[in-house]
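To start, I am sharing the structure in question, which I have written as structure tokens.
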Amino acid sequence: MTEFVEQDLAGSAFHRVDLSRSAFREVRLAGADLRNVDLSGVRVRAAWLQGVRMTGVEVPDMEIHGEIVRLVVNGVDVAPLVEAELDRRHPERPLMRPTDVAGFKEAFATLDRLWAGTVERARALPPERLHEQVDDEWSFIETLRHLGFAHACWVDGVVLADPSPWQPLDLPWDEAPVVEGVPWDRDARPSLDEVLDLRAQRRATVQAVLNDLTDAGLERRVSPATPFNSDAEDLTVAACLTVVLNEEWEHRLYAERDLAVLES
């Protein structure tokens, strides 16, 4: 198998070339022109699709999971339709868009209740299964570790301006830059109770922030004190708390989806 590593192939032309089962990691395809290509079975993860246009395509079976702002299908922007349907399926979901301190408290309390059911479901499985990945996604334990990292980034590292908020079991996202001092232990196998203890500490920090917060304080401008998100601008306390809410909400749904597979 031919390997291309750290090479500039910009402007290359591929005609009648077989790239089936090829792996693309940290590859720029901005401005690429794909015509008469077979993309069946392609899996795209952690991609930026700004300004992508597809015409004359046939889509007999396709799934998209991600943050969708605008998606036009045959002239119809389906993003608002998707949002409305998700709200219908999950009545608690609109609570994840709070506008005042009382709303944030209610949203986090709702997540506590929902996650309690998810954790109870996980406890019914043999402990080793909680380290098992489904379809190359994070295991249940890894999911909880990553949420700890999200709390550290956005609450401790931005709202509270702590330059080193990490716990040893915090888990950055897979494509995150490697930064000295930031935990990156992909092989750790902590118990469920260990990660839940750390999770309780993170939750207590959020509650302390909310208890001291006013509605006006939600609009306070903040900046990252850690190397992560250092290029983020115009951040507010409300924006940071909303990121954590979204992470908690979405990853619980992922966890529920994968628990169903592990149970079966």
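A short reminder: the numbers here are calculations on the coordinates, not readings from a lab. Quantities reported herein were computed from a predicted structural model and do not represent experimental measurements.
Mind checking the full-extension length gain between Val134 and Glu180? Use 0.36 nm per residue of separation minus the Cα-Cα distance, one decimal, nm. Present the calculation step by step, with values, prior to reporting the outcome.
Details: separation 46, 0.36 × 46 = 16.56 nm, distance 2.98 nm.
Full extension of this stretch gives 13.6 nm more.
Residue separation times 0.36 nm, minus the C-alpha to C-alpha distance between Leu125 and Glu3: what's the value? Kindly include the intermediate steps, with their values, before the conclusion.
On the way: separation 122, 0.36 × 122 = 43.92 nm, distance 4.12 nm.
Full-extension gain reported as 39.8 nm.
Let me ask something additional. Whole-Hz Karplus ³J(HN,Hα) for segment 24-36, in order, using 6.51 cos²θ - 1.76 cosθ + 1.60 and θ = phi - 60°, x for Gly and Pro?
Taking θ as phi minus 60°, the curve returns 10, 10, 6, 10, 8, 10, 4, x, 5, 10, 10, 9, 6 Hz for segment 24-36.
Run the helix sum for the chain: -39,500 (n - 2.57) per DSSP H stretch of 4+ residues, divided by residue count, reported at 222 nm to the nearest 500 deg cm²/dmol.
-12000 deg cm²/dmol
Can you give me the C-alpha center-to-center distance between segment 30-87 and segment 223-252, rounded to a whole angstrom?
Computed from Cα coordinates, the inter-centre distance equals 26 Å.
Under the Kirkwood approximation applied to all pairs of distinct alpha-carbon atoms, what is the hydrodynamic radius of the chain in Å? List each step's numbers first, then the result.
Numbers: mean 1/r = 0.0472 Å⁻¹.
Mean inverse Cα-Cα distance, inverted, gives 21.2 Å.
Tell me the Rg and the Dmax, in Å, that the Cα atoms of segment 1-147 produce.
My reading of the Cα-based Rg and Dmax gives 20.8, 60 Å.
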